[in-house]
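This report refers to the structure that appears directly beneath it.
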């Protein structure tokens, strides 16, 4: 189908960091091992309708950061774009749509900061 494009990706990270024989480190290895997501996945789709309207959808999954007490999350983004006139486009965008917020990393000091659901309207003009 000419009007649809799909992209995707997956990454797997397996870290096995251990304290060296003569190391005096008392606890860095467990934190480093659990500070990056083991699994990450994304799927993106791009639908072009009548060359004037485009719909982009994105799904992302990130596994938990156990050492940092950050849970796994799934989220999605959506954008619809209209070509109004030569070089003039209007877009409606929604980001992190699956839940009110999710955590991606800890905040130090203080409580973790959530990445909030958001949306915006964009009007752009490109001189052609």
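Under a Gaussian network description of the chain, with springs only between Cα atoms under 10 Å, the residue in 42, 12, 98 that fluctuates furthest is 12.
Build a GNM of the chain with springs between Cα atoms under 10 Å apart, and of 88, 97, 57 the one that fluctuates most is 88. Shape analysis of segment 37-124 based on the Cα gyration tensor places the equivalent ellipsoid semi-axes at 33, 15, 8 Å, largest first.
Can you classify segment 75-126 as rounded, prolate or oblate using the Cα gyration tensor, where a ≥ b ≥ c are the square roots of its eigenvalues, rounded means a/c under 1.5, and otherwise it's prolate if a/b beats b/c and oblate if not? In terms of gyration-tensor shape, prolate. The alpha-carbon atoms of segment 5-65 define a convex hull whose volume equals 81 cubic angstrom per residue.
For the pair segment 46-85 / segment 1-18, the C-alpha centres are spaced 14 Å from each other.
Computed on the Cα trace of segment 33-85, the radius of gyration divided by the Kirkwood hydrodynamic radius gives Rg/Rh = 1.25.
Springs join every pair of Cα atoms under 10 Å in this Gaussian network model of the chain, and among 40, 99, 24 the largest mean-square fluctuation is at 24.
Since every read-out is calculated from the coordinates, none of them should be taken as a lab result. Remember, it's a predicted structure, so these values are computed and weren't measured experimentally.
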